[in-house]
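The next block holds one structure in the form of structure tokens; read it before the comments.
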Amino acid sequence: MTLTRRSLVAAGLAAPALLTLGRGARAATILKLSHQFPGGTIEEGDFRDRMCRKFALALKERSKGALEVQVYPGSSLMKTNAQFSALRKGALDMSLYPLPYAGGEVPETNIGLMPALVTSYAQAMAWKSAPVGRKLTEILLSKNIVLVSWVWQAGGVASRERPLVRPEDARGLKVRGGSREMDLMMKAAGAATLSLPSNESYAAMQTGACDAVITSSTSLISFRLEELSKSLTSGRGRSYWFMLEPIMMSKPLFDGLPKDQRDLIMAVGAELEGFGQDGAKADDTRVEQIFAKAGAKVETLDEATLGKWRDIARESAWKDYAAKSSSCAEMLKLAEAVA
């Protein structure tokens, strides 16, 4: 059944608000954009929040007020893990969301944090126009999700005590990996794992439930993990942890907009991808400075160590993912083709 605005409202779902501008004028559409990261301003703070605010400002200006976006940081509108399902149902308009969090509903999305599959920003951004990106976009569309803006982030490891650099360092540690596949690699290396959103990492480290957190450089900064860490393994230069955290939109709501507004949303999303990648790369350097200033030992991965992690990932996470379905197997094959 087609989801109309009337049926969404009747069902208690969050359809975009309409503001009447006056007789003969098109009503303004207000879209709600949720994310789990700390809020700031358009000039200061977590670059993911800033990217959302820049997106909102550009849409308002270029649509001459016909499109407005309200940004809700810190999961203030909706809990983190509920956002993907809400997008699919039309209960949430937009989200900047770590795509692998959706792996329980759509297993193919775990390709967005497959350990040691993507190891550089150039490789990550090549996905969008490659067959793997086209297939991922098609899968998301079939699940009622429009991929508006591609954002990739490298990640590192914050450890409460001893460093986690080489596979042998993982033995006996309780590690937050960020996806099922990342956890499989860590388990294969001898770690115990726990699954939680990155915005719950500080509490997990503070209580001792977690010894090491692997997450994006930006989240390592925004969630102040340097306060609890004696060691950082940086993702600068090379990393086995690259996550796709795109801006996405509910397809039923997207389809209900006029074509010029749909085109504008996609254009602004594409234009902001450069800002997103610049922000992620800058934080790969900044996180080292912040942790070093706090007294943590900072290390990076060399190519040989990255190769060891890749070998473990290939035999654990990659193999498990490909066995899920023919669709997952095809996704992995297409991703491996992107050098």
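The values are calculated or read from the model by the stated rules, or taken from the named source; none is laboratory data. For clarity, every value in this text was computed on a predicted model and none was experimentally measured. FYI the Cβ positions are ideal-geometry reconstructions off the backbone, even for glycines, and counts take in every protein chain you see. Just so you know, the surface numbers come from the protein's heavy atoms only, side chains and all, with ligands and any DNA or RNA stripped out. Shrake-Rupley method; radii C 1.70, N 1.55, O 1.52, S 1.80 Å.
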*Contour minus end-to-end for residue 278 and residue 41, with contour as 0.36 nm per residue of separation and end-to-end as the Cα-Cα distance?*
83.6 nm
*Efficiency of FRET between residue 270 and residue 171 - r from beta-carbon atoms, R0 30 angstrom, step 0.05*: 0.10
_the chain, relative contact order in percent, only Cα pairs under 8 angstrom and at least six apart counted_ = 22
_Most to least accessible of 302, 169 (protein chains only, probe 1.4 Å)_ = 302, 169
*Pairwise FRET efficiency - residue 129 versus residue 303, Cβ, R0 = 30 Å, nearest 0.05*: 0.65
*Whole-percent carbon and sulfur share, accessible surface of the chain, 1.4 Å*: 51
*Which distance in nm do the two modelled labels at residue 329 and residue 238 give, with both placed 7 Å along the Cα-to-Cβ direction?*
3.1
*Take every DSSP beta bridge with both residues inside the chain and express the antiparallel ones as a percent of the total, to the nearest 5.*
60
*Find the accessible area per residue for the chain; the probe is 1.4 Å, ligands and nucleic acids are left out, and the unit is Å².*
41
*What figure in square angstrom, to the nearest 10, would you give for the accessible area of residue 42 with a 1.4 Å probe?*
50
*Förster-model FRET efficiency, 35 Å R0, residue 62 and residue 319, C-beta, rounded to 0.05*: 0.15
*Can you give the accessible area of residue 271, probe radius 1.4 Å, in Å² rounded to 10?*
110
*Points 7 angstrom from Cα along the Cβ direction at residue 336 and residue 259: gap in nanometres?*
4.2
_If the only charges are +1 at each Lys and Arg Cβ and -1 at each Asp and Glu Cβ, what is the size of the charge dipole of the chain around the Cα centre, to the nearest 20 debye?_
800
_Added length on full extension, which subtracts the Cα-Cα distance from 0.36 nm per residue, residue 85 to residue 194_ = 37.1 nm
_Gain on full stretching of the segment that runs from residue 162 to residue 292 - 0.36 nm per residue minus C-alpha separation_ = 45.3 nm
*asked:* Using the Karplus curve 6.51 cos²θ - 1.76 cosθ + 1.60 with θ = phi - 60°, what ³J(HN,Hα) values do you get for each residue of region 37-52, in whole Hz, with x for Gly and Pro?
replied: 8, x, x, x, 10, 5, 9, 10, x, 3, 5, 5, 5, 4, 4, 5
